[in-house]
1. Around B:T513, under 10 Å between beta carbons, what's the net of Lys plus Arg minus Asp minus Glu among the other residues?
2. Calculate the FRET efficiency for A:S21 and B:E132 from the Cβ-Cβ distance with a Förster distance of 41 Å, rounded to the nearest 0.05.
3. Could you tell me which helices of chain B pass both thresholds, a Cα extent of 30 Å or more along their own axis and a mean Kyte-Doolittle hydropathy of at least 0.5, with helices taken as whole DSSP H runs?
4. Which residues does the label zone of B:S309 cover in region B:169-197, counting backbone N under 17 Å from a point 7 Å along Cα→Cβ?
5. Which value in nm describes the separation of the simple spin-label points at B:D146 and B:R782, placed 7 Å from the Cα toward the beta carbon?
6. Hey, what angle do you get for helix A:142-155 against the long axis of chain A, alpha-carbon based, 0 to 90 degrees rounded to 10?
7. Full-extension gain between A:E32 and A:M155, please, as 0.36 nm times their residue separation minus the C-alpha to C-alpha distance.
8. Obtain the nm distance between the two label points defined at B:E159 and B:D775 by a simple spin-label model: each point lies 7 Å from its Cα along the Cα-to-C-beta direction.
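Nothing in this text is a laboratory measurement; each read-out follows from the coordinates by a stated rule. This is a predicted model, so every value here is computed, not measured. Here Cβ is always computed from backbone atoms with ideal geometry, including for glycine, and neighbour counts include all displayed protein chains.
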Amino acid sequence: MARHNVTVTVNGEAHSREVDSRLLLVHLIRDELALTGTHIGCDTTHCGACTVLVDGVPTKSCTVLAVQADGADIGTVEGLADANGMSALQEGFMQEHGLQCGFCTPGMLMTGTALLAANANPSEAEIREAISGNLCRCTGYVNIVKAVEYAAAKMAGADAPADGEDN
Amino acid sequence: MAPRTSAKICGMGHSMKRKEDPRFLQGKGNYIDDFTLPGMLWLDIVRSPIAYGKIVNIDTSKALEIDGVLAVLTGKDLEAYNLHWMPTLMSDTQMVLPTDTVMYQSQEVAGVIATSRYAAADGVAAVEVEYEPMKPVIDPFQALEDDAPVLRTDKEGQEDNRIWHWEAGDKEATDKIFDEADVVVREKMHVPRIHVASIETCGCLADFNPVEGHLTVYMTTQAPHAIRTVLALVAGHVGLSEEKIRVVSPDIGGGFGGKVPVYPGYVIAIAASVVLGKPVKWIEDRMENLQADSFARDYHMDAEVAADSSGRIRALRIKTLADHGYSDAQAAPSKFPAGLFSICTGSYDMENAYAEVDAVYTNKPPGGVAYRCSFRVTEAVHCLERIVDTLAHKVGKDPATLREENFIGKEAFPYQSPLGWEYDSGDYQAAMDKAKEMIGYDDLRREQAEKRARGELMGIGVCSFTEVLGAGPSKDFDILGIKMFDSAEVRVHPTGKAIARFGTKSQGQGHETTYAQIIAEELGLPAAHVQVEEGDTDTAPYGLGTYASRSTPTAGAAGAMAARKIRDKAAKIAAHLLEVSEDDLDWEPGTFSVKGAPDKSVSIQECAFAAYTNLPEGLEPGMEATNYYDPPNLTFPFGTYICVVDIDRGTGEVSVRRFVAVDDCGNIINPMIVQGQIHGGLTQGLGPALYEEIPYDEDGNNLAGSFMDYLVPTAVETPAWETGHTVTPSPHHPLGAKGVGESATVGAPPAIANAVVDALAHLGVTHMEIPIRPDRVWEVLREKGVAG
């Protein structure tokens with residue numbers, strides 16, 4: 001099988017590897033670069049657990065070849081927090097209980113991060129549409145929507161919205 | 001209820017943010033596929049393309065020529081060690097790998113072990129298997145016909161495809177009521193085969209150390225201790241002894257009952273590690289997960305209700321056929337082959353009931369797992385809540401009113417049900433009142449009448465369920481003979497911080513947070529200072545695991561009891577430090593003080609330090625306690641759900657406009673987490689109600705074997721759930737809690753189905769089978785002449 005030199009920048013750090021033609025991007029990230037925050041849930045582009053940002057675009061890395069990502073700037077969940085702590089979206093997920101088992105969460109975070117970069121104040125319908133390619137089996141999505149709203153409000157400098165109501 | 005502890009202590013009733021979240025949010029979880037070990041090999045599995053047939057030959061030669069492929073294990077190889085069959089948790093048997101016959105599509109046929117994932121997959125593609133196909137038995141009703149071939153010829157004395165017959169109740173007395181009743185309604189309904197479809201599939205990493213004879217298995221299991229014992233029992237003859245087996249269940253990406261059984265893949269990986277002396281990892285892909293792992297449900301129910309002319313329910317009669325596939329591989333308590341189906345009389349007081357279930361073999365994957373359900377409670381509730389609506393329509397009553405008129409009154413608890421349960425507590429009317437008020441029930445009925453007059457299809461569905469959870473008391477409940485207690489071990493360190501270990505295993509439920517809150521509630525230590533651990537059989541106390549909403553009722557109770565033992569010891573130490581008698585002490589969470597002199601006090605932390613440094617004479621040093629909790633009864637959470645749907649006459653599409661869920665799970669440990677459990681459960685009820693099913697064609701082909709066809713709800717179809725609660729504590733649970741993880745999965749499908757039927761009731765429709773797909777609705781609309 002042909003081997004190829006691939007260079008990718010992941011979370012700001014450049015990596016070069018010689019890979020098989022068929023190596024999936026998600027396996028490059030998980031197995032070669034040991035960034036296991038990106039998960040695999042279906043192999044068929046349906047569940048979105050493997051979502052990473054490729055040049056800023058949410059991309060399901062289980063159906064992209066590593067060679068297709070040559071030269072790309074890739075963002076994974078490990079790159080969201082910085083020295084100042086978790087990102088506004090990560091904080092929103094924690095405050096609004098937007099995760100349970102945590103397996104879909106990295107993909108949700110990457111999709112949500114891209115949404116907020118493109119649309120600083122998304123409506124509930126826009127959030128639901130944006131994450132419709134990311135399946136969650138635990139949360140019922142309500143609190144994921146709230147988590148994105150929390151982040152949007154925080155990034156706009158507003159007070160965080162109140163906790164979810166239960167009567 | 002206001003919390004008893006301060007926000008700093010964060011005991012019960014506080015919406016504490018989850019302790020597990022920071023690692024999950026930063027990509028630092030430890031799921032099974034994140035583990036690697038030096039020299040690790042990969043297992044991938046050859047699976048059967050046919051549902052039933054003889055294996056003529058397995059040719060592994062081409063696979064073994066592939067670079068990186070080290071071995072191919074077949075049933076013949078395992079037979080040499082007598083490991084080709086294994087017991088199921090229901091004392092049936094199941095093949096690990098076949099020696100001569102395959103019994104369902106995607107059955108494991110051989111295991112390829114290689115140095116990489118990719119090489120193992122290449123090996124799988126290169127194994128050549130020659131089959132002699134046979135005509136499969138797919139329809140469970142046909143499986144019972146006289147001319148049906150006997151599928152389980154491996155079982156001595158098996159002369160047909162019946163597995164077992166189960167019944168509960170007084171048949172004669174029930175029949176008599178039916179004979180004389182004013183009104184009898186009947187519906188046949190199928191709760192079809194579905195799949196848990198947790199976003200993480202199953203997998204393991206088996207690491208056998210041939211020098212020590214020690215096996216460590218990291219695996220996606222909801223019941224690590226039970227699995228260790230099962231491994232010791234089935235592999236003891238090849239030298240695996242229980243003290244040399246360590247099962248570690250790491251972070252789990254959703255379980256929902258699907259990670260209770262032992263799948264062949266785990267056993268093949270373990271066998272491969274033993275044979276090769278190297279760590280072997282197996283991670284199934286989504287199609288393997290949907291096509292071969294244990295399914296859930298698949299109950300065909302024929303239900304009847306007898307009532308008087310006003311709609312007062314007198315009796316219930318249900319005859320059920322349970323399709324278990326080729327093996328009874330459910331994980332129910334051993335004395336309950338039909339699970340806790342006898343909760344089928346639900347929230348209604350009736351004179352008598354009779355239920356029977358016949359289980360059959362077919363050529364489908366084995367199973368019957370309790371998917372987010374306390375063993376067949378989902379099937380029972382769906383059956384009852386659907387047919388109660390049929391009765392309401394028949395006698396011309398509003399379905400909420402008919403329910404109210406039949407509720408077991410709150411004064412009737414503890415209530416003896418006709419099928420033998422003692423319900424611990426309940427106030428069904430309170431939950432109904434709250435749900436009706438939250439959704440604006442009367443206004444919705446007026447809106448529906450107006451819309452109906454205009455030809456628009458809108459429906460309102462009600463479900464008032466009662467669950468039975470927390471298995472269970474050891475006199476009745478065991479799995480493979482192991483009693484269904486659970487356990488906690490709490491140790492307070494000298495500086496007043498603690499570690500608490502439990503026999504259960506969280507899969508997203510937030511045990512690291514809620515268990516810490518339980519210890520905080522009882523000891524007054526801040527929950528932030530309580531480290532919770534589960535899942536490692538070398539360190540955690542023995543327990544039966546997490547499923548059937550049993551963690552809070554069993555292990556949660558054990559945590560409270562262990563903490564109380566520690567508090568009792570702390571009181572002795574406090575009396576010593578304060579130089580008073582124990583009887584002269586008051587306790588506020590976290591502090592002992594002298595009665596009448598509240599400024600003379602010591603903290604629980606000071607008592608902990610003294611337990612290691614300054615003990616009263618004769619008291620054993622240290623501060624730890626263990627409790628194995630055997631619950632005196634089960635718990636019976638309940639709730640009322642009301643759902644509003646709109647139906648598109650052009651497409652038959654059902655959209656859930658609003659859904660109000662009022663739950664009563666007794667006292668609440670963490671309101672935020674409880675609400676999250678309800679949201680998730682509702683979504684796992686929406687799926688089977690409208691979208692999810694694993695159907696088979698007549699040749700036994702799985703028709704929903706990937707997420708292309710198995711339709712897990714996305715954020716777009718899922719409504720913005722509205723939740724509320726009432727609180728009726730369990731009188732026998734130490735914390736008054738009942739468990740909540742599954743209520744919504746149980747209650748949502750009939751609420752949604754009832755709403756759809758309600759929208760169509762004026763057209764003469766009394767029942768719709770789930771999943772209520774657009775095509776099913778559109779067919780009805782076309783038949784009734786109202787398709788748009």
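1. With Lys, Arg at +1 and Asp, Glu at -1, the net is 0.
2. With a Förster radius of 41 Å, E is 0.60.
3. Span-like helices in chain B: none at all.
4. Only B:180-185 pass the distance filter.
5. Here the modelled spin labels are 3.9 nm apart.
6. The answer is roughly 90 degrees.
7. 40.9 nm
8. 4.2
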